[in-house]
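Nothing in this text is a laboratory measurement; each read-out follows from the coordinates by a stated rule. Model, not experiment: these values are computed from the prediction. Every residue, glycine among them, receives a Cβ derived from its backbone with ideal geometry; neighbour counts consider all protein chains shown.
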Amino acid sequence: MRILLINGNTTAFVTETAAAEARRVASPGTEIVAVTGRKGARIVGTRFENALAQREMVALAAAHSEGVDAVLIAVSYDTALPALRELLTVPVVGITEAALLTAHLVGGRIGLVTLGARIQPVYRELVASYGLDRRVCGWRTIDSLAAYAPGDTSAIDARLAAVCNELVEQEMAEVVCLLGTVMAGAPRRLQSLVPVPVLEGIATGVGHAEQLVRLALPKATTGSYALPGPRDLSGVEPEILALLQRQSGS
């Protein structure tokens, strides 16, 4: 099984962090193919940057999805998830979607931790779009870029553990999700310091992707997630056009 991990940020460190955790949790025989955004923001942190990342995610998927069994969207806003589910014939999983759905199976009250206050409304809208906002008992935000730099993680881990415990003690959270691609691997470092399960989207996303591949569900042939078919497009990346041509058999 091959899973394509797409990071729409242009920071290779984020891709490497996510890919390392994906490979750690993947089943024997599962290969993780990781790619990094070529255009756009180093770290997507605004609505505008997320809009730029959507097109780059589609282009990267078109360029690298041939021969893979599933795609994992390694941007925590689940950037371009509906579009890629329409465009591709393989399962597509968003990491925040995966973390939330796993948390839904683990505890009743979900606490969420994000990096950056400005972008929290986007996360709130995303959670609501999945119909899980009523399960969220509280939010905490850390305004720091420390997680995006290689090196010692002890300082950021201490802050993450503190806000996780705040969610448990003040909001009665029964499970905590760390939202952000760069959170990959953090639950393993924090779990002994927090009395409820701590999740993030890369580890949970790999598991969901593998399960969907094994289920071998068919691609929808009608409705909004059916293949788009031939379209009248201009100014579009050649890899996207090539994918559409392959799908139409032309």
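Seen against the Cα atoms of the chain and their longest principal axis, helix 120-129 is set at about 60 degrees.
Note on segment 123-138 and segment 190-250: Cα centroid distance 21 Å, given to the nearest whole angstrom. Against the chain, whose longest principal axis is taken from its Cα atoms, helix 95-106 shows a tilt of about 50°. Once backbone amide H atoms are built at 1.01 Å from N, ILE142 has THR114, LEU115, GLY116 as its partners under 5 Å, excluding neighbours fewer than 5 places away on the same chain.
The Stokes-Einstein estimate for the chain, based on a Kirkwood radius over Cα pairs and taken at 20 °C with 1.002 mPa s viscosity, is a diffusion coefficient of 116 µm²/s.
Note down the net charge around VAL198, summing +1 for each Lys or Arg and -1 for each Asp or Glu among other residues with Cβ under 15 Å from its Cβ. Could you put the intermediate results ahead of the total?
Values: positive: ARG109, ARG140, ARG159, ARG188, ARG189; negative: GLU21, ASP157, GLU166, GLU169, GLU171, GLU174, GLU200.
Surrounding charge for VAL198 is -2.
Kindly give Rg over Rh for segment 96-200, based on alpha-carbon atoms, with the Kirkwood expression for the hydrodynamic radius. Ratio of gyration radius to Kirkwood radius for segment 96-200: 0.93. With a cap of 15 neighbouring Cβ atoms within 10 Å, and only residues DSSP puts in a loop, list the chymotrypsin sites (Phe, Trp or Tyr not before Pro) found in segment 30-134. Within segment 30-134, the qualifying chymotrypsin sites (Phe, Trp or Tyr not before Pro) (loop, at most 15 other Cβ atoms within 10 Å) are TYR130.
Arranged from fewest to most other beta-carbon atoms within 10 Å of their beta carbon, VAL198, VAL75 become VAL198, VAL75.
Please state the shape class of segment 172-250: rounded when a/c is under 1.5, otherwise prolate if a/b exceeds b/c and oblate if not, all from the C-alpha gyration tensor. Can you show the working numbers first?
On the way: a/c = 3.45, a/b = 2.42, b/c = 1.43.
Prolate, because a/c is 1.5 or more and a/b exceeds b/c.
Against the main long axis of the alpha-carbon atoms of the chain, helix 201-215 sits at an angle near 40°.
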